[in-house]
């Protein structure tokens with residue numbers, strides 16, 4: 001889960017450490033650190049106590065708690081909606097990658113931006129794979145006519161084939177080979193899955209990937225929107241052409 005920047009900022013403004021807040025709330029210091037660094041949602045009693053200590057409303061420090069309280073059914077899985085992928089918190093992909101333990105699926109046509117926004121991404125992802133995580137890269141097929149047609153629409157100097165090649169080069173820096181498959185069926189919608197979080201970006205017209213409307217989902221039920229997008233990724237993966245696994249340098 002992404003870190004709780006609001007809680008971190010309020011702690012800093014109050015000149016209080018996580019250990020000090022923990023002592024006042026009668027919880028372990030590591031618990032408070034997880035509230036901040038992993039965005040963990042405290043138990044209701046702890047939320048109320050911490051908010052009182054910090055002099056803030058609970059919904060200011062943990063808006064997710066309020067959203068959960070008022071949502072019913074499938075919409076409970078919706079963490080956030082962003083008009084553009086570029087509107088995502090810049091730290092979100094890094095936090096999701098670093099926090100994932102069991103699954104890291106990259107279903108972007110190029111996922112090129114990952115290497116720009118996440119320092120040492122290949123090394124981190126490779127280490128996750130070595131630890132047993134299910135890592136997959138579903139990239140666009142640079143040789144496909146679909147890719148060529150999209151390049152004509154986007155008309156950018158750094159075309160899709162180049163960005164795909166750059167991602168393949170970055171994947172090659174992993175300390176262990178990573179599974180890569182190629183497809184042209186996800187040209188208009190990208191899905192990234194990190195454990196129980198998913199980011200879904202849908203292209204709008206001729207806009208670039210960074211301008212795609214983006215959803216942040218978190219699994220709350222067995223057959224909700226999150227699961228549907230996981231099924232979508234798995235179907236694409238099953239039909240995709242096997243690319244060569246990355247090789248460490």
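The values are calculated or read from the model by the stated rules, or taken from the named source; none is laboratory data. Keep in mind that this is a model prediction, so the values were computed, not measured. Here Cβ is always computed from backbone atoms with ideal geometry, including for glycine, and neighbour counts include all displayed protein chains.
One residue stands out among those in segment 77-97 that are out of contact with any strand residue (DSSP E or B) (no Cβ under 7 Å at 6 or more places or on another chain) and buried (at least 17 other Cβ atoms within 10 Å of the Cβ): the one that is farthest from residue 221 (Cα to Cα), which is 94. If a residue must be in a loop (DSSP other than H, G, I, E, B) and out of contact with any strand residue (DSSP E or B) (no Cβ under 8 Å at 6 or more places or on another chain), how many such residues does segment 1-53 contain? Summing the residues that are in a loop (DSSP other than H, G, I, E, B) and out of contact with any strand residue (DSSP E or B) (no Cβ under 8 Å at 6 or more places or on another chain) in segment 1-53 gives 15.
Total residues in segment 181-212 satisfying the condition of being outside any loop (DSSP other than H, G, I, E, B), in contact (Cβ under 8 Å) with a residue 60 or more places away in the chain and farther than 16 Å from residue 88 by Cβ: the figure is 2. Exactly one residue out of 215, 178 is part of a strand (DSSP E or B), assigned by TED's automatic domain parsing to the domain that holds residue 121 and surrounded by 17 or more Cβ atoms within 10 Å (Cβ to Cβ): that is 215. Would you confirm whether or not segment 67-74 contains a residue that is surrounded by 14 or more Cβ atoms within 10 Å (Cβ to Cβ) and under 23 Å from residue 235 (Cα atoms)? Yes: one or more hits.
Go through segment 134-165 and give me each residue that's farther than 17 Å from residue 186 by Cα and buried (at least 17 other Cβ atoms within 10 Å of the Cβ). Of everything in segment 134-165, just one residue is farther than 17 Å from residue 186 by Cα and buried (at least 17 other Cβ atoms within 10 Å of the Cβ), namely 135. Just one of (1) within 26 Å of residue 131 (Cβ to Cβ); (2) surrounded by fewer than 19 Cβ atoms within 10 Å (Cβ to Cβ); (3) touching a helix residue (DSSP H, G or I) at 6+ places or on another chain (Cβ under 6 Å) fails for residue 103. It is (3). Residues of segment 1-26 that are out of contact with any helix residue (DSSP H, G or I) (no Cβ under 6 Å at 6 or more places or on another chain) and surrounded by 18 or more Cβ atoms within 10 Å (Cβ to Cβ): 1, 11.
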